[in-house]
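Trainee: Structure provided below as structure tokens; questions to follow.
Any read-out appearing in this document is the output of simple, stated calculations on the displayed coordinates, not a laboratory observation. What you see is a predicted model, and the numbers here were worked out from it, not measured in a lab. Reconstructed Cβ throughout: ideal geometry from the backbone, glycine too, with neighbour counts over all protein chains shown.
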């Protein structure tokens, strides 16, 4: 199961969500709830995937759902620091649009799903 940690870091308009371990059909709804709560408040959500070891298709769907919720609420969601099998899956699905690391959703020229 994924271990989640969210942090506002010094910015009130942005929340960083760190996901560890595996993100699957069991743990993804919790991750979505954390991201959606921030997005509904209009905050940008940066999802740090550096410690994520596994991601299944249901979790990808929920990440896309979080992005939709964020956009409808005036926020944004960006994925960052993906690696290994997670990066390979996101790349295969066309969700890894840029190779650059995202420092902030609103600072990124294009939304990066890396």
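Trainee: In nm, give the distance between the simple-model label positions of residue 25 and residue 50, each being 7 Å from the Cα along the Cα-to-Cβ direction.
Mentor: Once both label points are built, they end up 3.2 nm from each other.
Trainee: How much length is gained on full extension from residue 37 to residue 68, taking 0.36 nm per residue of separation minus their Cα-Cα distance? Provide the component values of the computation, followed by the final result.
Mentor: Values: separation 31, 0.36 × 31 = 11.16 nm, distance 1.28 nm.
Going from the current span to full extension adds 9.9 nm.
Trainee: Can you give the % of DSSP beta bridges in the stretch 3-92 that are antiparallel, to the nearest 5?
Mentor: Working: 5 of 19 bridges.
Antiparallel bridges: around 25 percent, rounded to the nearest 5.
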